[in-house]
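J.: This is the structure I have questions about; it appears just below.
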Amino acid sequence: MNSEILQRLTDSIDRREAVALVTVTKATGSFSSALGQDAVLWPEESRSPVGSLPLGALTDRALADVRRVIGEKRACHLHYTEADGSVSLFVDVQPRPPHLIVVGAGHIAVPLAAMAKLCEFQVSVLDDRPQFSNRERFPTADQVIAGPFRAELERMRQGKATFDDDTYIVLVTRGHQYDVESLLEVLDDPLAYIGMIGSRRRIRAVFELLEKEQGIPAAKFDRVYAPVGLNIGAITPAEIAVCILAEIINVMRGGPALGMGKEIQRERLARREKAVPMK
């Protein structure tokens, strides 16, 4: 691996970009000269590979396959057989690291941020109270922010492309009005997960109120995991943090568990189906 490939690879990881290192591991016939060649590839077609993949007419097909594999977030081997030879590629994918944004720096946020970091999440914590949102309480977090909830969420979005499909947001502020305020700020973002704490009764009431008073389509709330977490009978702040992180991992890995918010979601969907007039 030459120095330019290594530099581009490490730069992409530092910038939280999905990237793949592609290596030709087997080559015969007309592809023989490609054996051992490396290239760094990004998922965007607009970005040219760095390195060398001398695959001739097979190049475009191989690059498209590598970009697909990057999207699947898994390493794999690709094999091609043509009339004049065969070639095998190993695609070592470095996916964009998951980013957990904990909105609210109270008693649940402390164990949640610590456990998420152990699970290799990039972790940001936000609260409008500097006495809570500080390095002393969150020594392992990548970013600790003290400022108004909605303004700081907007600033995070504008300052860096963090609100993406590898971003997970948990709303656990000290008051439900702040959770709702933050929810309205991020509801339209292409996030992997939005979780909001609260009782079933309060969640139902909040969603219905926002639909009526602000005209927000009911379907927009279907993506919100509320009440947040898996039902494991959690009581203490640390136990609640476990059930929240378990649900996030379940979503990230495509697991089979059903969170507590699914009950409300099913009720809302059933109510909307009943409201549809018969043809």
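J.: Which is at negative phi, modelled with pLDDT of 90 or more, assigned to a helix (DSSP H, G or I) and not aliphatic (A, V, I, L, M), of Glu239, Glu273?
T.: Values: Glu273 fails: modelled with pLDDT of 90 or more.
Glu239 is the lone residue from the list that is at negative phi, modelled with pLDDT of 90 or more, assigned to a helix (DSSP H, G or I) and not aliphatic (A, V, I, L, M).
J.: Does Val125 qualify as being modelled with pLDDT of 95 or more and buried (at least 22 other Cβ atoms within 10 Å of the Cβ)?
T.: Details: modelled with pLDDT of 95 or more: yes; buried (at least 22 other Cβ atoms within 10 Å of the Cβ): yes.
Yes, satisfied.
J.: Quick one: which of Thr140, Thr173, Thr162 is outside any strand (DSSP E or B), crowded, with 21+ Cβ neighbours inside 10 Å and polar (S, T, N, Q)? Before you say what the answer is, go through the steps one by one.
T.: Values: Thr140 fails: crowded, with 21+ Cβ neighbours inside 10 Å; Thr162 fails: crowded, with 21+ Cβ neighbours inside 10 Å.
From the options Thr140, Thr173, Thr162, the qualifying one is Thr173.
J.: Can you pull out the residues in region 252-270 that are surrounded by 11 or more Cβ atoms within 10 Å (Cβ to Cβ), part of a helix (DSSP H, G or I) and not charged (D, E, K, R)?
T.: We begin by selecting, within region 252-270, every residue surrounded by 11 or more Cβ atoms within 10 Å (Cβ to Cβ); these are 252, 255, 257-269.
Of the ones still in play, those that are also part of a helix (DSSP H, G or I) are 252, 261-269.
Selection gives Met252, Gly261, Ile264, Gln265, Leu269.
J.: Considering region 211-227 alone, what residues qualify as being in a helix (DSSP H, G or I) and either closer than 19 Å to Arg201 by Cα or not assigned by TED's automatic domain parsing to the domain that holds Ile248 (or both)?
T.: Quick first cut of region 211-227, residues in a helix (DSSP H, G or I) only: 211-214, 218-223.
Those that are in a helix (DSSP H, G or I) and either closer than 19 Å to Arg201 by Cα or not assigned by TED's automatic domain parsing to the domain that holds Ile248 (or both): Glu211, Lys212, Glu213, Ala218, Ala219, Lys220, Phe221, Asp222, Arg223.
J.: Considering every residue within region 27-46, establish whether at least one is under 19 Å from Asp165 (Cβ atoms), outside any helix (DSSP H, G or I) and acidic (Asp, Glu).
T.: yes
J.: Further question on the same structure: Hey, can you tell me all the residues within region 100-117 that are among the small types (Gly, Ala, Ser) and under 16 Å from Ser182 (Cβ atoms)?
T.: As a first pass, look at region 100-117 and keep what is among the small types (Gly, Ala, Ser): 104-106, 109, 113-114, 116.
Correct list: Gly104, Ala105, Gly106, Ala109.
J.: While we're here: Within region 6-26, can you find the residues that are assigned to a helix (DSSP H, G or I), over 30 Å from Gly85 (Cα atoms) and either in contact with an Asp or Glu (Cβ under 6 Å, 6 or more places away or on another chain) or touching a residue at least 40 places away in the same chain (Cβ under 8 Å) (or both)? So that I can check it myself, show each step before the final result.
T.: Within region 6-26, the first condition is being assigned to a helix (DSSP H, G or I), and the residues that meet it are 6-14.
Pick out the ones that are also over 30 Å from Gly85 (Cα atoms) and you get 7-8, 10-14.
If the condition is that a residue be assigned to a helix (DSSP H, G or I), over 30 Å from Gly85 (Cα atoms) and either in contact with an Asp or Glu (Cβ under 6 Å, 6 or more places away or on another chain) or touching a residue at least 40 places away in the same chain (Cβ under 8 Å) (or both), then Arg8, Ser12, Ile13 are the ones that fit.
J.: Here's a check for you: in region 70-114, which residue that is free of Cβ contacts under 8 Å to residues at least 40 places away in the same chain and touching a helix residue (DSSP H, G or I) at 6+ places or on another chain (Cβ under 7 Å) is nearest to Ser30 (Cα to Cα)?
T.: Tyr80
J.: For region 143-181, enumerate the residues that are of a type in the set (Asp, Glu) and out of contact with any Ser or Thr (no Cβ under 6 Å at 6 or more places or on another chain). Let's see the steps before the verdict.
T.: Narrowing region 143-181 to residues of a type in the set (Asp, Glu): 152, 154, 164-166, 179, 181.
Listed by number, the residues that qualify are Glu152, Glu154, Asp164, Asp165, Asp166, Glu181.
The values are calculated or read from the model by the stated rules, or taken from the named source; none is laboratory data. Here the structure is a predicted model, which is why all the values come from computation and not from measurement. Glycine gets a Cβ as well: all are built from the backbone with ideal geometry, and neighbour counts include every protein chain shown.
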